[in-house]
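Have a look at the structure below, then the notes.
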Amino acid sequence: MRYLKEIQSLAGVVRFGKDCEGPPGHVHGGAMATVADAATATVTFLASGRWGFTTRLDCNYREMLPVETPVCVEAHILELKKRKAIVKWTMSSLTNLDRKGELIRHSFGTAEFLLPRKEE
């Protein structure tokens, strides 16, 4: 994973193994949500300097993800306040296109975090 401070964005490549299988031959949605939570929490920490806790994680699934298939995971800060962060995330194919000719988005969503008060 790489973090770009200027745009408060984190991105990297993830590959789910057979231990993450849900429906036969495909990744379990819970495994995808776990990675989304980890990526959004990490970008929140890198942007704010504080670990918060997830108060909301929205996951939208659009295309089944075959196991052993590398995907791009991206997390972008949408809003960062004193005690709250909102992050947008996506999990997209690196190679497969949809019928519109765009990279397949297997899942996407938002996450909200409550940040601790800053120590003075």
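The amide H of residue 21, built 1.01 Å from its N in the peptide plane, has 28 as neighbours under 5 Å, considering only residues 5 or more places off or on other chains.
Shape annotation for segment 32-75: C-alpha extents along the principal axes are 35, 20, 12 Å, from largest to smallest.
When restricted to Cα atoms, the chain yields an Rg and a Dmax of 14.9, 53 Å, respectively.
The residues of segment 62-103 expose, per residue, 64 Å² of accessible area to a 1.4 Å probe. Summarising the label geometry, the points placed 7 Å from Cα in the beta-carbon direction at residue 13 and residue 51 lie 2.9 nm from one another. Amide H to amide H, with H built 1.01 Å from N, residue 69 comes under 5 Å of 16, counting only residues 5 or more places away or on other chains.
Taking the square roots of five times each eigenvalue of the Cα gyration tensor of segment 1-69, the equivalent ellipsoid has semi-axes of 26, 13, 10 Å, listed largest first.
Pairs from the list 18/84; 88/118; 18/81 with a Cα-Cα gap above 32 Å: 18/84; 18/81. For the chain, carbon and sulfur atoms together expose 52% of the accessible surface, with a 1.4 angstrom probe and every protein chain in place.
A Gaussian network model of the chain, with springs between Cα atoms under 10 Å, assigns the largest mean-square fluctuation among 90, 40, 55 to 55.
Note on residue 68 and residue 1: their simple-model spin labels are 2.6 nm apart, each label 7 Å out from Cα toward Cβ.
Helix 29-48 and the longest principal axis of the C-alpha atoms of the chain enclose an angle of approximately 30°. Dividing the summed helix terms, -39500 (n - 2.57) for each DSSP H run of n ≥ 4, by the number of residues in the chain produces a 222 nm estimate of -5500 deg cm²/dmol to the nearest 500.
Mean-square fluctuations from a GNM of the chain, with a 10 angstrom spring cutoff on Cα atoms, peak among 31, 41, 75 at 31. Highest GNM mean-square fluctuation among 46, 80, 97, for the chain modelled with Cα contacts below 10 Å: 97.
The values are calculated or read from the model by the stated rules, or taken from the named source; none is laboratory data. None of the values given here were measured: they were computed from a predicted structure. All Cβ positions, glycine included, derive from the backbone under ideal geometry; neighbour counts span all protein chains shown. What goes into the accessible areas is simple: the full protein's heavy atoms, side chains included, and nothing from ligands, DNA or RNA. Shrake-Rupley method; radii C 1.70, N 1.55, O 1.52, S 1.80 Å.
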